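These notes are about the structure you will find just below.
The values are calculated or read from the model by the stated rules, or taken from the named source; none is laboratory data. All of these numbers come straight from a predicted model, not from anything done at the bench. FYI the Cβ positions are ideal-geometry reconstructions off the backbone, even for glycines, and counts take in every protein chain you see.
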Amino acid sequence: MKLKNKVAMITGGGRGIGEAIALAFAREGARLAIASRTQAELDQVASQIRDLGGQVQVVSTDVSNRDDVMRLIETTLTTYGQIDILVNGAGVYGPIGLMWDVDVDEWIAAMAINLFGTFLCCHAVLPHMIVRRQGKIINFSGGGATSPLPRFMAYGVSKTAVVRLTETLAEEVKEFNIQVNAIAPGAVDTRLQDAVLAAGERAGDLFARIRKLRETGEGGVPRELSAELAVFLASEDSDGLTGKLIAAPYDGWQSWDAERIAEVMSAPWFTLRRIDPFTIRPLLDKLGSASR
């Protein structure tokens, strides 16, 4: 069991991808603290975890509220005495539509959950991880982080910022044996997509894509794939891998061993970078040397 005796704290753990991660971690032996804003959803997931023989603590939490986050950390530490893994899975689309038409307060609220919530959880758990000189942090990015996602600006901007937070934090905590990575899950049909369908034409091109996904499953990615990637990133299998944005459906991470991880870490793979002659030249030189 890859996560035996590990303690994992998962936000957004009441449904969707967060629920899938919680169940996957339980099967791998982790002891869990799961958080979301909806107690009933947490209780339902906790029941499934206990049916698997797992240990779980549920804490109703708004990750954009600093007091809630501190209570989550304190409850987890009181229950288990340690936190080895943090999964920042809480997220929302925020307002959907053209920038000048959306509600300003909803835009700010989306940033507070997606970006500030990730920051607050990392900020609160890191002193504990630093003292123990170990830890795994998994953040969530998504559509809009690597290319524009019109009509979903709050989501795209916040998720792009989460990637740069991931990259920067990875460098700051590297000396303490803490690895920080981000997952791009792909098009997963969770309740998050209800907001797209409710928005209709305001969602632009994404509306038709999500409607087809909901009706036929075409183009969809199972949530369990992100859960499998999260297990990899939370386990010793990913030791040495840090500061990367990994797309669950596309990046072939299932075959990564220590040699491949070292190769990934030696170049600007799976990161946010401007593409120009200055940034691409070292990579081209490296590839050229390898082919000779």
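What to note about this one:
- Residues of the stretch 226-264 that are among the aromatic types (Phe, Trp, Tyr) and under 18 Å from ALA145 (Cβ atoms): TYR250, TRP253.
- Qualifying residue in the stretch 127-145 (condition: of a type outside the set (A, V, I, L, M, F, W, C), more than 19 Å from LEU86 (Cα to Cα) and in contact with a helix residue (DSSP H, G or I) (Cβ under 6 Å, 6 or more places away or on another chain)): yes
- Filtered residues of the stretch 221-249 (kept if of a type outside the set (S, T, N, Q), under 20 Å from ALA262 (Cβ atoms) and over 14 Å from the mean Cα position of the chain (by Cα)): GLU236, ASP237, ASP239, GLY240, LEU241
- Sub-6 Å Cβ pairs linking a first residue in the stretch 108-135 that is surrounded by fewer than 20 Cβ atoms within 10 Å (Cβ to Cβ) to a second residue that is in a helix (DSSP H, G or I) and polar (S, T, N, Q), at least 6 apart or interchain, are MET111/SER158, ordered by first then second residue.
- Screening the candidates VAL231, VAL188, VAL221 for the property of being in a loop (DSSP other than H, G, I, E, B) and in contact (Cβ under 8 Å) with a residue 40 or more places away in the chain yields one hit, VAL188.
- Members of the stretch 1-59 found to be among the charged types (D, E, K, R) and either surrounded by fewer than 24 Cβ atoms within 10 Å (Cβ to Cβ) or part of a strand (DSSP E or B) (or both), listed by number: LYS2, LYS4, LYS6, ARG15, ARG27, GLU28, ARG31, ARG37, GLU41, ASP43, ARG50, ASP51
- Sole residue being of a type in the set (Lys, Arg), at pLDDT 95 or above and crowded, with 23+ Cβ neighbours inside 10 Å, chosen from LYS159, LYS174: LYS159
- Residue list for the stretch 236-273, restricted to those being part of a helix (DSSP H, G or I) and more than 23 Å from GLU28 (Cα to Cα): GLU259, ARG260, ALA262, GLU263, VAL264, MET265
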